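Here the structure is laid out as structure tokens; the discussion comes afterwards.
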Amino acid sequence: MVAERGEEDRAVLDLERNLLLIALRRGRKYRYENVARALLRAVPELLAPETRAVYDPKLADRLSAHTARNLASEHLPVVAAINEFAASELEKGEEAREILSMHVEIDDQSLLSRILLPELIEDAALRYPHRDPQIDGETLNLIRTLHGVAKGAAGNPIVCGKH
């Protein structure tokens, strides 16, 4: 990882050269925002780069932000910076806030890392590079079903769809 100083927010990931370049804002007061930007830039590539191509990019961003929060959970100022990003970029609209809230409850029951992410990654690997917009609705159905399981409200948690 290489860091440089600058006034603009930049984080460039070059996987071929194994580099994550981050333009750091000047001053110590931005150090947590710098770490948050680095995590938010790197996590989507580490999770599964195919997800960005196959699913709605906003869904991939929400999952990445949630994962970045989990990675930084011991560093509260970094989590706060990630939350600011999520509030400004990802929580636009009631449905987005609802889905982010579902991710938290699904993760609390360990269903995010055991079921949701593996299913999404496996399906994305099978479908890459093709994007079928119908998959977004089915993905939301899976998230809602897992949310019901996490809350103990799903009587018959079966999800059927084309994908």
Q. Does any residue of region 148-158 turn out to be among the hydrophobic types (A, V, I, L, M, F, W, C) and outside any loop (DSSP other than H, G, I, E, B)?
A. yes
Listed by first then second residue, the pairs whose first member lies in region 105-131 and is over 16 Å from Asn70 (Cβ atoms), whose partner is assigned to a helix (DSSP H, G or I) and of a type in the set (A, V, I, L, M), with beta carbons under 6 Å and at least 6 positions apart or on separate chains, are Ala124/Val54; Arg127/Val54; Tyr128/Ala53; Tyr128/Val54; Pro129/Ala53; Arg131/Val54
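What number of residues in region 41-85 are aliphatic (A, V, I, L, M) and under 8 Å from the mean Cα position of the chain (by Cα)?
Result for region 41-85: 6.
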When (1) free of Cβ contacts under 8 Å to residues at least 24 places away in the same chain; (2) closer than 20 Å to Ser113 by Cα are applied to Lys58, the one that fails is (1)
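Here, each number is a calculation from the coordinates, and none is a lab measurement. Note that the structure is a prediction, hence the values are computed from the model and not measured. Every residue, glycine among them, receives a Cβ derived from its backbone with ideal geometry; neighbour counts consider all protein chains shown.
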